[in-house]
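Read through the structure below, which is laid out as structure tokens, and then see the notes.
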Amino acid sequence: MGERVKITDPEKLALLYERFRDVCLVEKEVWKEIFMPREVTGGPVRTNIQVRYDVEINDPDIERAIEANISRGSAMLGAAIEEYRAHIVFFKKQD
């Protein structure tokens, strides 16, 4: 199993929270793993290579609250994620 690196960069976190919301809406449940396109700084970009992030929510009650907001749509789920973002942690998987 690869090493995990906690994501702390505010810009990257904003993208991950948005992606987390979108994946939860599509899957209709709280998803513990998300994928983002690999960051490339020049040269050709291979779009089939993505980076895996583990999602951890440190309180089961908060996880249930987020889950309850999935059926209420993007705005409500986004508001719940925003409210509980201190309890949602993303870890980048290092292969």
Reported label for calculated volume of the Cα convex hull per residue in Å³ given (i) 132; (ii) 114; (iii) 160: (ii)
HN-Hα J couplings of the stretch 50-57 from phi, Karplus 6.51/-1.76/1.60, θ = phi - 60°, integer Hz, Gly and Pro as x? 10, 9, 9, 10, 8, 10, 10, 10
Around Arg4, under 9 Å between beta carbons, what's the net of Lys plus Arg minus Asp minus Glu among the other residues? +1
1.4 Å probe accessible area per residue over the chain, in Å²: 66 Å²
Would you mind finding the longest exposed-site-free stretch of the chain, with exposed trypsin sites (Lys or Arg not before Pro) meaning DSSP loop and at most 16 other Cβ atoms within 10 Å? 1-27
The chain, accessible surface, carbon-and-sulfur percent (1.4 angstrom probe): 49 percent
Find out how many positive minus negative residues lie around Ile81, taking Lys and Arg as positive, Asp and Glu as negative, among other residues whose Cβ is under 10 Å from that of Ile81. -1
Solvent-accessible area of Leu25, probe 1.4 Å, all protein chains present, reported in Å² to the nearest ten, please. 40 Å²
In nm, spacing of pseudo-spin labels at Gln50 and His87 (7 Å Cα→C-beta vector): 2.7 nm
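The values are calculated or read from the model by the stated rules, or taken from the named source; none is laboratory data. Because the structure is a prediction, the values reported are computed rather than measured. With ideal geometry, Cβ positions are generated from the backbone for all residues, glycine too; neighbour counts draw on all protein chains shown. The protein model used for the area step is the full one, side chains on, heavy atoms only, and it has no ligands, DNA or RNA in it. Shrake-Rupley method; radii C 1.70, N 1.55, O 1.52, S 1.80 Å.
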